[in-house]
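Bear in mind that the values in this text are calculations on the coordinates, not laboratory data. Since we're looking at a predicted model, the values are computed, not measured. Here the Cβ is made from the backbone with ideal geometry for all residues, glycine too, and neighbour counts use every protein chain on show.
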Amino acid sequence: MLKITDLHASIDDKKILTGLNLNINPGELHCIMGPNGAGKSTLSKILTKHPDYSVSSGSIEYTLNFEKNNLLNMDANEISLNGVFLAMQHPVEIGGISNFQFLKEITKSHCLHQGVAATNDEDLKKIILNLAEKLKLPSDFLDRSINDGFSGGEKKRNEVLQMLLLKPNLIFLDELDSGLDIDGLNIIAKSIKEFQNSERSFLLVTHYHRILEKIKPDFVHVLYNGKFIKSGDYSLAKKIEDQGYSWLI
Amino acid sequence: MVDLNLLKDSKQLPWKSFSLHSSLKDVCLKNFKTIDKKDKEFFKIHLSDKCKVEIKYNISNPFTKPEESFTELKKLRSKKDFASFNNIFDDKQQKSELCFLLSVKEGQKLSHPIYINLPATQEYQNFKYGIDMQKNSFANIYETYQKNIKKACIHNVNSFISMQENSCLKFVSENSKISAVTSTRHMYNYLHKNSQFYLNYYSVENLSNYDNAKNKLEAQSSSVPDSVSDSVPEISSLYNVHTFLIGEAANFFEQALILAKNKTNRQHYSNIYHLKPYGQSSQLHKTMLDDSAKSIFNALIFIGSNCHKVNSHQLNNNLSFSKKTKIISQPQLQVKTDDVKATHGSTTGQVQAEELYYLQSRGISFAKSKQLLKQAFVKETQDNITNLIIKKDINNILKGYDE
């Protein structure tokens, strides 16, 4: 589904990724770990065309319905419309646009892209409120501005709500577990587990083992100095939890 | 009237482009005398009861036919109907200066908005009108301009608003429908005890034929009256408001929005003078510029001596969508007493790249994301407007900005 080959990227002339390779097949859940500043968040932002980052070489091939696309040649909105979703570590607050208006716009854009009629307001509201209830988000969040005044946990749950609403195929979860209390973590982990299927792939960035206990990854990669220095299965995450990164770097 | 001694400490920062911006002395002496002297020449529009408008023309003016006429107020609910009411200005023998006085009688609370449609029917159109909000009265007024000639023109509006004790006025002025016009709007407001004045100003112009208009105005400028000729050709719109809180606990809330594209120029001056204690005021001026538009914001909040417990806030937010825009902001605060709350601030910048990215990362196109962020920026300037009819009109105009 996703094939990253020899990816080199930078921000303000500072090299962040230095020859990264990764292959994710449908239905797989990959986890990226690594010390601070290793380039974990950068990778997910590059994959979704954040304007601050520039790619100097390499390719990002994304396959959907047997059609191959180069994510580097697509705009951020096109990447989303083609089924790629990033749940951000620090979602921005945007005053003046209500959550409902925002969710309505994103649903409309995706429906238009897929050539299907957009859900009417009333039905959409019901769908969103059902998801909100599942994620324990207060019902008044629809009238509030996007992430405006939300707690850290509410912001993360709002990200997951958008993921459940848009039903993407390839999902990047950037430190979704940071800022979450134990109840919030359980709710989100449960939602992700229910959302997993044989066609859907995940790339999870985290510092902590606790979320991996709930969502078992198929592969764990350690990112350091802009490239993967070690890959393995779930046991690698456990070892890092016990011993840190010093034995690797 | 304003006791000028109360204003003796007030100082406005000098400004190079102040050609049209009257000094305090001019405002208080010249214009006040003008309104007093010319009172006899005003049309008087008395809102005599809930369902009727009484229009009295108490001058022997060549373009006033009836001595007195009645129009049902319900007809004024749509702009179309009020446009016909303003047909009196279309008389062949009209003068360049059109005056009327609208007075809302004591205790009257008008639930439906009054539309004042100011037509531009000739190259130099001057309006002067007064609004007299008598004690305990309430009204929603929507002022809009209509251009009835194809030529470029200068449209100059002066109004004098008196807010008597406990009166409340929600006033919206909107000049989005006129293009190829140099528009100047002067407003002098006098607020008595416990009165509340909500002022919303919208200038959403798109002068696609501005260059054409500018050339015509330059050619015509030799015959323009002195007070207006200074504005030609640099200014395409000027907003100049002086508000005097002359009664205790008077309240003034101002929200203004300028949306300008192309090669246009906006000048925005608004001075608030707190001359009695316990007053409240707020100024929120937002400007959104694209292409090579320019804007100037110059505003002053003056809190005089012995005006304790005054609560006043001033904020200017500017948003630029092009590297060619020019924005000058000069918020000013003068406080002559203790025990007051007063803040002021100004921000100027571009659309936040992070916000754009967030919306795009969810599938919204760049253009739509930009539009949503623009809408978010302007939304705050509609807080004062509670009348749904007016709110709808304003929303339609703001939507049109992006089309």
*In sequence order, what are the phi-derived ³J(HN,Hα) couplings for the stretch A:186-195 according to the Karplus relation 6.51 cos²θ - 1.76 cosθ + 1.60 with θ = phi - 60°, rounded to whole Hz, with x for glycine and proline?*
4, 4, 5, 4, 4, 4, 5, 4, 5, 7
*With a Förster radius of 41 Å, plug the Cβ-Cβ distance of residue A:182 and residue A:36 into 1/(1 + (r/R0)^6) and report the FRET value to the nearest 0.05.*
0.95
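Averaged across A:69-82, how many Cβ atoms of other chains sit within 10 Å of each residue's Cβ atom?
Details: counts 0, 0, 0, 0, 0, 0, 3, 12, 12, 3, 3, 6, 4, 1.
Rounded to a whole number, the mean comes out at 3.
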*Roughly how tilted is helix A:152-166, in degrees to the nearest 10 and between 0 and 90, from the longest Cα axis of chain A?*
80
*In deg cm²/dmol, rounded to 500, what helix-only [θ] at 222 nm does chain A give when every DSSP H run of at least 4 residues adds -39500 (n - 2.57) and the total is split over its residues?*
-10500 deg cm²/dmol
*Using amide H atoms built 1.01 Å from N in the peptide plane, name the residues 5+ places from residue A:19, or on other chains, whose amide H lies under 5 Å from its own.*
A:7, A:8, A:9
*Quick one: length gained pulling residue A:120 to residue A:225 fully straight, 0.36 nm per residue minus the C-alpha distance?*
33.0 nm
*Where in the stretch A:186-230 does the amide nitrogen come within less than 15 Å of the point 7 Å from the Cα of residue A:25, taken along Cα to Cβ?*
A:198-202, A:218-220
*Have a look at A:141, A:182, A:197 and report the one farthest towards the positive end of the charge dipole of the stretch A:114-204, computed about the Cα centre with Cβ charges (Lys/Arg +1, Asp/Glu -1).*
A:197
*Calculate the mean, over all residues of peptide A:90-96, of how many other protein chain Cβ atoms lie within 10 angstrom of the residue's Cβ.*
5
*asked:* Whole-Hz ³J(HN,Hα) for each residue in the stretch A:45-54, computed from phi via Karplus 6.51 cos²θ - 1.76 cosθ + 1.60 with θ = phi - 60°, x for glycine and proline: what do you get?
replied: 6, 5, 5, 10, 6, 5, x, 6, 9, 10
*the stretch A:1-70: percent of C-alpha pairs farther apart than 15 Å?*
55
*Using the Cα centre as the reference, give the magnitude of the dipole from point charges on the C-beta atoms of the stretch A:109-193 (Lys, Arg: +1; Asp, Glu: -1; all else neutral), rounded to the nearest 20 debye.*
300
*asked:* Under 5 Å between amide hydrogens, which residues at least 5 positions from residue B:201 or on another chain qualify, with H placed 1.01 Å from N in the peptide plane?
replied: B:173, B:255, B:256, B:257
*Cα centroid distance between the stretch A:147-213 and the stretch B:344-403, in Å?*
30
*asked:* Let me test this: with uniform point scatterers at the alpha carbons of the stretch A:2-243, what is the Debye-based log₁₀ I(q)/I(0) at q = 0.13, 0.16 1/Å?
replied: -0.81, -1.24
*Determine the principal axes of the Cα atoms in the stretch B:262-403, then give the extent along each, sorted from largest to smallest and rounded to whole angstroms.*
56, 36, 28
*Average partner chain C-beta neighbours within 10 Å, per residue of B:362-374?*
6
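Quick one: which of B:261/B:368; A:104/A:167; A:126/B:374 span more than 26 angstrom between C-alpha atoms?
Values: B:261/B:368 18 Å; A:104/A:167 15 Å; A:126/B:374 28 Å.
Checking Cα-Cα distances, A:126/B:374 exceed 26 Å.
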*Averaging sequence separations of C-alpha pairs under 8 Å and six or more residues apart, then dividing by the length of the stretch A:2-243, give the relative contact order as a whole percent.*
29
*Tell me the label-point distance for the pair residue A:143, residue B:323, using the 7 Å Cα-to-Cβ offset, in nm and rounded to one decimal.*
4.5
_Relative contact order, percent, the stretch A:49-137 [alpha-carbon distance under 8 Å, six or more residues apart]_ = 17
*List every residue whose amide H lies under 5 Å from the amide H of residue B:168, counting only residues 5 or more places away in sequence or on a different chain, with H placed 1.01 Å from N in the peptide plane.*
B:137, B:138, B:139, B:196
*On full extension of the chain, what length is gained from residue B:248 through residue B:380, given 0.36 nm per residue of separation minus the C-alpha to C-alpha distance?*
44.8 nm
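Using a Förster radius of 35 Å, what is the FRET efficiency between residue A:214 and residue A:61 based on their Cβ-Cβ separation? Nearest 0.05, please. If you can, show how the numbers build up before the last one.
Numbers: r = 30 Å, r/R0 = 0.87.
That pair, residue A:214 with residue A:61, gives E of 0.70.
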*Would you mind computing, in nm to one decimal, how far apart the modelled labels at residue A:100 and residue A:241 are, each placed 7 Å from Cα along Cα→Cβ?*
4.2
